[in-house]
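Engineer: For reference, the structure I am asking about is given below.
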Amino acid sequence: MKNKKTILLFIALVNAFTSPLLAQKTKAKNEQVKFSLSSYKKYIDDSNDAHLQEFIQLVSIPTISSIPANKPDVAKAADWIVTKLKAIGITTAQKLPTAGNPVVYGSWDKAPGKPTVLIYAHYDVQPVKETEWDNPPFSPKVMDDKIFGRGTSDDKSGVMISIWAVEAMLKNDGKLPVNVKFLFEGEEEIGSPNFRNFLEKNKELLHTDFAVTADDAQYSETDPAITLSSRGAVQLEFSVKTANTDAHSGQFGGKTPNAVVAMSQIITSFFDKAGNVAVAGFYDKVLPITAQQKEIVKNITYDPAKDMKILGTTAEVGDTSFLPLERVWYRPTLEIIGMQGGYTAAEGHSNIVPGSAMARITSRLVNNQKGQEIIDLIVKHISKNTPAGATVTYKFKPGYASPMVTPSDTKAFTYVADALQNVYGKQPLKLGTGGTGGAMLSFKEVLGVYAYSLGFLLPDEHWHAANEYLRLSSIRKGQLAYCYYLQHVADEESKLKK
């Protein structure tokens, strides 16, 4: 007993002596990080105007990957990004070819013995209907602490925020705490058809310890988030023909098949009265929503009125046996994303029986659904439901994006979560997304790493719609988060080596 008391007394004395030293050491380290971030803040703030002008230059380039005529613009933007990377000290920056649009690659590898972080984003954008925009989509305009233009949010913000953060660290410190690789894709908005092949061909070049994707969002201006699942996607275009030409409705109406009516009948057959997809076999491989996924949804405050206000809608649709977020994150969809047929000019009225019509479809996929299988089911359904007098032809889009699930019990997740907590003052929410990050599954399967989300879009910024914009405040938050993240990875990985 006496010996035990002596040992306890000794331990107490050691703790009394060492605890202040440890506390002092921890405090000093925290102060060092704060001081470092403070210096980055100054550079970021001082460079704000210059960076905004750079952003305007990049957004002004119409990098629409789905329109062949814009291919030179995509290449022009890739060259612009390469020039910017070289300007901040990324000497290996280059434009690398794919079977489609080029990938921009750059690396800073002057931190021997330190881990490598790969940062992904994409610089291509969605098409536009210019008549729906308040200002020209490729003439960016700053108003009300926002910058408007196609790609300002999705995802040229991801490209530039990550570059500017590295710039701040290089200009302030003359070096980076880790090795960094940039990988900016030019085909994300068309499903990344050539990206996996690019990764496989450049596996050694792209070897990395950690990866993050800047093509993602926070939950709100005050609530950070990390996306842990995304849906896949597959696309299809089909045309209905009932005649070689449009016909006079007075002379031929009433006895001649109408292509627009035939198309409408096919479209209607895709859905049952409850709004579920009526294509046979569509849900066969859909797995039940897990308890963990239900818990994630349960922890999110969801207000349907908020989404309806953003879009100007007046109703919420879908299978009511699932919660709204469960439907968006964990259930598949079949959406008609466009239809055309007959006379559709802005003005005038043409009395015709249309001889042809066209529709485009996107299906969002979940868990073990396969894109080609879904396309085959849809084609079989269309064939079965094509009215008499109509013929159907198809235009198949290359490739499809697979669904993705990312774990939250890894150190890679923790590093990103810590960075967001540092900037927002609270732990990030764990989310799913109804969108698609086709490249993310390829990262895991080819490079062997999960790419965790570290993007700063916000849900109401009109991605893929008219009047897309980015809050200027997100640019600053994003840069600080990346600066903290890169330093944090270096610090924590150094501890593990000791």
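None of the figures in this text is laboratory data; all of them are computed from the coordinates on show. Being a predicted model, the structure only gives us computed values, none of them experimental. Backbone-built Cβ (ideal geometry, glycine too); neighbour counts: all protein chains shown.
Engineer: If you put +1 on each Lys and Arg Cβ and -1 on each Asp and Glu Cβ, how big is the dipole of the chain around its Cα centre, in Debye rounded to 20? Could you put the intermediate results ahead of the total?
Structural biologist: Values: 55 positive and 52 negative charges, 374 e Å.
Charge dipole, the chain, about its Cα centre: 1800 debye, nearest 20.
Engineer: On to the next question. Over the stretch 96-164, what per residue volume does the convex hull of the Cα atoms give, in whole Å³?
Structural biologist: Values: hull volume 8.4 nm³, N = 69.
Per-residue hull volume (Cα only) is 122 Å³.
Engineer: Go ahead and estimate [θ] at 222 nm for the chain from helices alone: -39,500 (n - 2.57) per DSSP H run with n ≥ 4, summed, over the residue count, rounded to 500. Working shown, then result.
Structural biologist: Values: 14 runs with 196 residues, N = 498.
It lands at -12500 deg cm²/dmol.
Engineer: To make sure I understand, if each residue's beta carbon is the centre and we count other beta carbons within 10 Å, what order do Glu167, Glu326, Glu130 fall in, fewest to most?
Structural biologist: Numbers: Glu167 22, Glu326 18, Glu130 11.
Taking fewest neighbouring Cβ atoms as first place, the list is Glu130, Glu326, Glu167.
Engineer: Can you give the Kirkwood hydrodynamic radius for the stretch 210-273, in Å, rounded to one decimal and based on Cα pairs?
Structural biologist: Details: mean 1/r = 0.0582 Å⁻¹.
Mean inverse Cα-Cα distance, inverted, gives 17.2 Å.
Engineer: Can you give me the angle between helix 411-424 and the longest principal axis of the chain, using Cα atoms only, in degrees from 0 to 90, rounded to the nearest 10?
Structural biologist: The answer is roughly 90 degrees.
Engineer: In what sequence, highest mean first, do 344-354, 87-97 appear when ranked by Cβ atoms within 10 angstrom? Numbers along the way, then the final one.
Structural biologist: On the way: 344-354: 12.0, 87-97: 15.6.
Those peptides, ordered most packed to least, come out 87-97, 344-354.
Engineer: Then there's this: Compute the normalised compactness of the stretch 390-433: alpha-carbon radius of gyration over 2.2 N^0.38 Å, N being the residue count.
Structural biologist: Values: Rg = 19.5 Å, N = 44, 2.2 N^0.38 = 9.3 Å.
Normalised Rg, Cα atoms only: 2.11.
Engineer: In 5 Å bins starting at 0, how do the alpha-carbon pair distances of the stretch 87-210 split up by percent?
Structural biologist: Final binned percentages: 2, 10, 17, 20, 17, 14, 10, 6, 3, 1, 0.
Engineer: Here's another thing I want to ask about it. Show me 308-316, 247-255 ranked by packing, highest mean number of other Cβ atoms within 10 Å first.
Structural biologist: 247-255, 308-316
Engineer: Under Stokes-Einstein, with the Kirkwood radius over Cα pairs standing in for Rh, what whole-number D in µm²/s applies to the stretch 51-131 at 25 °C and 0.890 mPa s?
Structural biologist: Details: Rh = 14.1 Å.
Translational D for this selection: 174 µm²/s.
Engineer: While we're here: Of all DSSP beta bridges in the stretch 84-198, what percent run antiparallel (nearest 5)?
Structural biologist: Details: 11 of 18 bridges.
In the stretch 84-198, approximately 60 percent of DSSP beta bridges are antiparallel ones.
Engineer: Order these by the 10 Å Cβ neighbour count, fewest first: Phe184, Phe195.
Structural biologist: Fewest-to-most Cβ neighbours within 10 Å comes out as Phe195, Phe184.
Engineer: Sorted from fewest to most neighbouring beta carbons within 10 Å, what does the list Lys395, Lys430, Lys294 look like?
Structural biologist: With the sparsest Cβ surroundings first, the list reads Lys395, Lys294, Lys430.
Engineer: Something else now. Across the Cα atoms of the stretch 135-181, what radius of gyration and what greatest pairwise Cα-Cα distance (Dmax) are found, in Å?
Structural biologist: Just the Cα atoms of the stretch 135-181 yield Rg and Dmax of 14.4, 42 Å.
Engineer: Considering all projection directions equally, how large on average is the shadow of the alpha-carbon convex hull of the stretch 385-498, in square nanometres?
Structural biologist: Working: hull surface 47.3 nm².
Orientation-averaged projected area of the Cα hull: 11.8 nm².
Engineer: Which value in Å is the Kirkwood Rh of the chain over different Cα pairs? Each step should come with its number before you reach the end.
Structural biologist: Details: mean 1/r = 0.0398 Å⁻¹.
Value: 25.1 Å, from the Cα pair sum.
Engineer: Could you run the Debye sum over the Cα atoms of the stretch 242-347, one equal point scatterer each and no solvent, and tell me log10 of I(q)/I(0) at q = 0.12, 0.19 Å⁻¹, two decimals?
Structural biologist: So the normalised log intensities work out to -0.65, -1.10.
Engineer: Expressed as a whole number of Å, what is the distance separating the alpha-carbon centroids of the stretch 409-475 and the stretch 219-294?
Structural biologist: Rounded to whole Å, the Cα centres lie 28 Å apart.
Engineer: Using +1 at the C-beta of Lys and Arg and -1 at the C-beta of Asp and Glu, which of Thr320, Leu334, Asn70 has the Cα lying farthest in the positive direction of the dipole of the chain?
Structural biologist: Sorting the options by dipole projection puts first Thr320.
Engineer: Which of the lysines could a cross-linker span from Lys95 if the Cα-Cα distance has to be under 19 Å and same-chain partners fewer than 8 positions apart are dropped?
Structural biologist: Lys71, Lys76, Lys84, Lys86, Lys156, Lys181, Lys201, Lys203
Engineer: Also: What fraction, in whole percent, of alpha-carbon pairs in the stretch 266-321 exceed 12 Å separation?
Structural biologist: Values: 1191 of 1540 pairs.
The calculated P(r) of the stretch 266-321 puts 77 percent of pairs beyond 12 Å.
Engineer: Based on C-alpha coordinates, I'd like the Rg and Dmax of the stretch 175-250, in Å.
Structural biologist: Cα only, the stretch 175-250: 21.9, 76 Å (Rg, Dmax).
Engineer: If you restrict to DSSP beta bridges whose two residues both lie in the chain, what percentage is antiparallel, to the nearest 5?
Structural biologist: Expressed as a percentage, antiparallel bridges in the chain total about 70.
Engineer: What ranking do 37-44, 440-447, 131-138, 399-406 get when scored by the average of other Cβ atoms within 10 Å per residue, highest first? Each step should come with its number before you reach the end.
Structural biologist: Working: 37-44: 16.6, 440-447: 19.8, 131-138: 14.8, 399-406: 22.5.
Highest mean packing first, the order is 399-406, 440-447, 37-44, 131-138.
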